[in-house]
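The values are calculated or read from the model by the stated rules, or taken from the named source; none is laboratory data. Just so we're clear, the structure is a prediction, and the values are computed from it rather than from any experiment. Glycine also receives a Cβ, built like all others from the backbone with ideal geometry; neighbour counts cover every protein chain displayed.
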Amino acid sequence: MSRGERLAWLAGIVDGEGSICASVRRGAMFWRMQVAIYNTNAAIISEVADILSSLEVLHHVTSRDNRGWGRKRVSIVVVSGRPQVHRLLTTLRPYLIGKAGHADAAIALCERRDAMRVKESRSRTIADIRTDPAMLENYAALRRLNK
């Protein structure tokens, strides 16, 4: 497959089997950004990991047993952290359909947070982040899309 075909394939997997989320950790001073892909097919998980490696996007793969009798073991590919999530989503954005709005909100969150860091010599406290209207708007948009 060509690079474009691989990116389109990965975007389809993210659209169908993935989640794009952001959260504020209680008592912490940072946002947590994550893209996760869940699947029971080892070949799909392997291909996802291979494409992420070729894009130089850091990720990890875990697996767990699903609850219930006769359920298959599920594997999860996780990309976490603002720089990695931003790199992945900006690369996949032209190919995303179902999760395009999620990606737009997450990219905007990443870029706004990075702009806030450039302005300040130190990172802001969580109270400052929670009172930033643009951050809150993008965070709320992503939360609404994930419901």
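The residue that is farthest from Y95 (Cα to Cα), counting only those in the range 10-37 that are modelled with pLDDT of 85 or more and surrounded by fewer than 16 Cβ atoms within 10 Å (Cβ to Cβ), is S19.
Give the residues of the range 66-107 that are assigned to a strand (DSSP E or B) and either in contact with a Phe, Trp or Tyr (Cβ under 6 Å, 6 or more places away or on another chain) or touching a residue at least 60 places away in the same chain (Cβ under 8 Å) (or both), sorted by residue number. Matches in the range 66-107: V74, I76. Would you confirm whether or not the range 45-60 contains a residue that is within 30 Å of E137 (Cα to Cα), part of a helix (DSSP H, G or I) and at pLDDT 95 or above? Yes, the conditions are met somewhere in the range 45-60.
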